[in-house]
Amino acid sequence: MLPALIVVFLLLACVGYLVGVYNGLVRVRAAVKLSWSNIDVLLAQRHDELPKLVEVCKQYMQYEGTTLERVMRARAALDAARTAGNVGGVASAERELRSGLNGLYAVAENYPQLKASEPFRHLQERISSLETAIADRREVYNDAVNTNNVRIAALPDVLVARLGDFPEAQLLHLQADAKSDVNLKAAFSA
């Protein structure tokens, strides 16, 4: 009788432990999804602000159509990658969008009336604050991804992760040139 109780107790302890591991993996997977959702909200907000910025710029910039089109193409590519949940595509489109915005801001230097306009200044500040928030949220997202990926690769969690649906998550990396300082000489010649 006592050995049977010990076996039952050990089985219950093992099942409880596996349930705890599974629940822990569910929590880290949910943290990755939540972190991505937070980035997605900010990307959507910036997505909504960009046409307003382009429209304000169009009123002043008659001969800068390619600069404005570049920003809008990058915006569309970013939205497509964001909607698809393509983390790598978001990183690539972010690089293009930042480059386009840097070019737009550099060209705006040639239009003092544009720089002085309240709508332009407001939109520029709004987009800059959204970009800062995106960078902050990207850090939180990458921390969640790292925690997830370490958990699903380490013993004993890897055994439970392989039995369940716990894929490796992708870090959100920006290209090396997106992390470097802006080349103002190149931006002004755009």
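Quick note: the coordinates plus some simple rules give every number you see, no bench work behind them. Quick caveat: nothing in here was measured; it's all calculated off a predicted structure. In this analysis, Cβ positions are derived from the backbone assuming ideal geometry, glycine residues included, and neighbour counts consider all displayed protein chains.
Note on V140 and L159: their simple-model spin labels are 3.5 nm apart, each label 7 Å out from Cα toward Cβ. Is the shape of the chain rounded, prolate or oblate, going by the alpha carbon gyration tensor and its root eigenvalues a ≥ b ≥ c, with a/c under 1.5 for rounded and a/b larger than b/c for prolate? Here the chain falls in the prolate category. Taking 0.36 nm per residue of separation and subtracting the Cα-Cα distance, full extension of the segment from Q113 to Q45 would add 21.9 nm.
Rounded to the nearest 0.05, what FRET efficiency do L171 and R126 have when you use their Cβ-Cβ distance and R0 = 30 Å? Kindly include the intermediate steps, with their values, before the conclusion.
Numbers: r = 27 Å, r/R0 = 0.91.
According to the calculation, E is roughly 0.65.
Dipole check for region 11-188: with +1 at the C-beta of Lys and Arg, -1 at the C-beta of Asp and Glu, and the Cα centre as origin, the magnitude is about 160 Debye.
Remark on E64: its backbone amide H falls under 5 Å from none of the residues 5 or more positions apart or on other chains, H modelled at 1.01 Å from N.
Taking the number of other C-beta atoms within 10 Å as the exposure measure, put L2, L114, L163 in order starting with the fewest.
On the way: L2 6, L114 18, L163 10.
Going from sparsest to densest Cβ surroundings: L2, L163, L114.
For the chain, the longest principal axis of the C-alpha atoms and the axis of helix 118-153 are separated by about 20°. For the pair A4 and K52, the difference between a 0.36 nm per residue extended length and the Cα-Cα distance amounts to 10.0 nm.
Sum -39500 (n - 2.57) across every DSSP H segment of at least 4 residues in the chain, then divide by the residue count to get the 222 nm mean residue ellipticity, nearest 500.
Details: 8 runs with 158 residues, N = 190.
Result for the chain: -28500 deg cm²/dmol, rounded to the nearest 500.
Within the listed set V71, V32, V56, the residue fluctuating most in the Gaussian network model of the chain (springs between alpha-carbon atoms under 10 angstrom) is V56. List the aspartates and glutamates whose alpha-carbon lies under 13 Å from that of K115, not counting same-chain residues fewer than 8 positions away? Those aspartates and glutamates meeting the cut-off are E125.
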